[in-house]
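A short write-up of the structure that comes next.
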């Protein structure tokens, strides 16, 4: 599903992008914001037609959001993995998406509450990041749903992500050479 984004990236960046895209799954449920019934993303013709009108600014906001979310996602994942260490539970067996925490009931109450708190915190951070980059959570989710079916959109997002990463690397490089 995300391979169009990583085909041309250096191996070190592939891991970052794959991890970032994994964070998208966390947002698909609405980033912890309850969506009233009937207002979720529809993948019908109307939604797809709407998604074709994604502006260049929205693509930049989307790509920036994905990259900014990665460190928060990694931190949350690590915290949950640490909590699960020695419990016999595998993090892969638990749905830790923003709206998919129902299977946390298999965990003890204290562990479940701790994991849920980490997920909620991450979802709130992700929502803030999305909105700071000029998108609503709903629009972010619509783009997330649209890019797998639209190779041109997927390529535009991948290109912007690479440009943002190169710009960041260039900025870091010039900052360290100035010191």
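Checking the stated criteria, residue 141 turns out to be buried (at least 16 other Cβ atoms within 10 Å of the Cβ) and part of a helix (DSSP H, G or I).
When the test is whether a residue is within 21 Å of residue 82 (Cα to Cα), at pLDDT below 90 and surrounded by fewer than 20 Cβ atoms within 10 Å (Cβ to Cβ), residue 110 passes it. Of all residues in region 109-124, those that are more than 15 Å from residue 69 (Cβ to Cβ) have Cβ atoms under 7 Å from Cβ atoms of residues that are surrounded by fewer than 15 Cβ atoms within 10 Å (Cβ to Cβ), 6 or more apart or on another chain, in 111/87; 112/105. Here residue 128 meets each of (1) free of Cβ contacts under 8 Å to residues at least 40 places away in the same chain; (2) farther than 23 Å from residue 61 by Cβ; (3) part of a helix (DSSP H, G or I); (4) under 18 Å from the mean Cα position of the chain (by Cα) with one exception, condition (2).
The values are calculated or read from the model by the stated rules, or taken from the named source; none is laboratory data. Just so it is clear, the structure is predicted and the values come from calculations on it, not from any experiment. As a convention, Cβ positions derive from the backbone with ideal geometry for all residues, glycine included, and neighbour counts pool all protein chains shown.
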